[in-house]
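Engineer: Mind looking over this structure? Questions follow.
The values are calculated or read from the model by the stated rules, or taken from the named source; none is laboratory data. Please read all numbers here as calculations on a predicted model, not as lab measurements. Don't worry about glycine lacking a Cβ; one is built from the backbone with ideal geometry, like all the others, and counts go over all protein chains shown. Protein only, heavy atoms only, side chains kept; ligands, DNA and RNA dropped before computing areas. Shrake-Rupley method; radii C 1.70, N 1.55, O 1.52, S 1.80 Å.
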Amino acid sequence: MKPRENMMAIFNREQPDYYGDFMAALDFAPDPVFAADSVPDDGLEHRDSWGTVCVKLPGSPGKHPHVTPENAVVKDVTAWREQLKVPALEGLDWSAAREFAAGADRSERFVGLFSAQGLFERSHFLMGMEDAFCAYLEEPDDMADMLRAIADYKIAVLREAARQFQPDVVFFQDDWGSKQNLFLPPTVWRELIKPLHAEIVAAAHECGMLFVHHADCICEPIVEDMVEMGIDIWQGAIPQNDLPAIQERTRGELAIIGGIDAPAVDIEHIGEEEIRAEVRRAIDAYCPAGRFYPSIPSGKCFRAWNDAIVNDELEKYGRRWAREHPILEAGQRPS
């Protein structure tokens with residue numbers, strides 16, 4: 001099977017050649033929205049396209065906000081309309097994305113749109129984490145209005161990307177929690193984030209895209225909500241969530257990527273067999289429920305040797321597990 005075909009077999013509960021990371025079959029087009037919102041990886045402060053002061057260290061996977069009371073874009077959520085300037089989509093050059101998509105073999109691999117900083121992340125990028133938390137609880141109406149503006153922008157980007165180069169998948173980042181819990185109380189998240197996020201998911205589907213939501217954190221309290229919003233695949237599922245219970249609670253309606261305990265294997269002074277054992281544990285524990293893609297939730301190990309071992313064991317054991325645990329078609333009996 002080609003990589004895309006194999007990943008869709010898992011998604012559709014059909015027999016794959018192997019179990020592995022869905023993201024390994026996805027290539028991102030170089031789109032101008034992501035490019036405009038990026039900052040140099042020189043360790044210095046730069047403003048992104050929304051005006052947030054960010055720092056990206058050399059070799060780091062992404063930018064980090066460096067928001068202070070002095071440089072915050074939105075200093076008072078009740079005055080967000082006067083303080084926030086939403087980036088313009090007009091006049092952007094999509095030619096590189098179109099050229100990339102035109103040259104892609106979509107029978108082999110997915111063409112993806114990378115959508116960083118979803119509703120929650122963008123809100124604290126604009127205000128700083130503490131002030132954003134306070135605004136969610138103390139000024140929910142104004143926060144809802146600001147989130148509406150962010151959601152409208154996200155939806156407009158999806159529609160423009162579909163018009164320009166028709167992505168197969170949108171990879172949408174919004175970390176809703178930490179390794180211990182959700183950032184917002186579930187009631188607040190359901191009131192302010194969920195309805196708008198559901199609109200974003202619906203827009204992606206209207207544009208013919210699979211919706212892959214990245215959140216490498218605790219999402220256990222809201223997994224039924226993720227299904228209700230229409231999320232196709234949850235990427236970043238850390239094993240600090242009770243993943244077998246989540247698979248049972250969602251009745252397989254939420255495909256999942258992740259499961260390997262990255263902090264346990266992406267460390268110095270660890271033996272090769274320890275790394276391989278953790279990969280096998282994740283496959284054995286989570287693949288039996290189906291629609292599961294074993295991987296490092298954050299995408300990769302940051303130590304090259306560790307990452308190579310993880311990928312080698314995924315290739316070997318993921319293929320062996322698929323062979324030894326065939327998915328039976330209706331009416332078939334085990335041999």
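Engineer: Residue by residue through segment 34-69, note down the ones that are in contact with a strand residue (DSSP E or B) (Cβ under 8 Å, 6 or more places away or on another chain), more than 20 Å from Phe302 (Cα to Cα) and among the hydrophobic types (A, V, I, L, M, F, W, C).
Structural biologist: Selection gives Phe34, Val39, Leu44, Val53, Cys54, Val67.
Engineer: Return yes or no: is Arg4 under 14 Å from Asp168 (Cβ atoms), of a type in the set (Lys, Arg) and either open to solvent by less than 70 Å² (accessible area, probe 1.4 Å) or without any contact (Cβ under 8 Å) to a residue 12 or more places away in the chain (or both)?
Structural biologist: Taking the combined requirement at face value, the residue satisfies it.
Engineer: Could you look through segment 139-197, keep only residues that are small (Gly, Ala, Ser) and touching a helix residue (DSSP H, G or I) at 6+ places or on another chain (Cβ under 6 Å), and pick out the one that is surrounded by the most Cβ atoms within 10 Å (Cβ to Cβ)?
Structural biologist: Applying the filter and picking the extreme gives Ala151.
Engineer: Restrict the check to segment 22-30 and report whether at least one residue is in a loop (DSSP other than H, G, I, E, B) and crowded, with 19+ Cβ neighbours inside 10 Å.
Structural biologist: Yes, some residue in segment 22-30 is in a loop (DSSP other than H, G, I, E, B) and crowded, with 19+ Cβ neighbours inside 10 Å.
Engineer: Further question on the same structure: Taking only segment 120-138 into account, find how many residues are surrounded by fewer than 23 Cβ atoms within 10 Å (Cβ to Cβ) and under 29 Å from Gly208 (Cβ atoms).
Structural biologist: Final tally of qualifying residues: 1.
Engineer: Taking segment 40-76 only, how many residues are under 20 Å from Phe114 (Cα atoms), surrounded by fewer than 17 Cβ atoms within 10 Å (Cβ to Cβ), among the polar types (S, T, N, Q) and in contact (Cβ under 8 Å) with a residue 60 or more places away in the chain?
Structural biologist: Counting residues in segment 40-76 that are under 20 Å from Phe114 (Cα atoms), surrounded by fewer than 17 Cβ atoms within 10 Å (Cβ to Cβ), among the polar types (S, T, N, Q) and in contact (Cβ under 8 Å) with a residue 60 or more places away in the chain gives 0.
Engineer: Right, here's the next one. Counting residues that are more than 27 Å from Leu210 (Cα to Cα) and open to solvent by less than 40 Å² (accessible area, probe 1.4 Å), which helices (runs of 4 or more DSSP H) fully inside segment 248-335 reach at least 2?
Structural biologist: 272-286, 304-324
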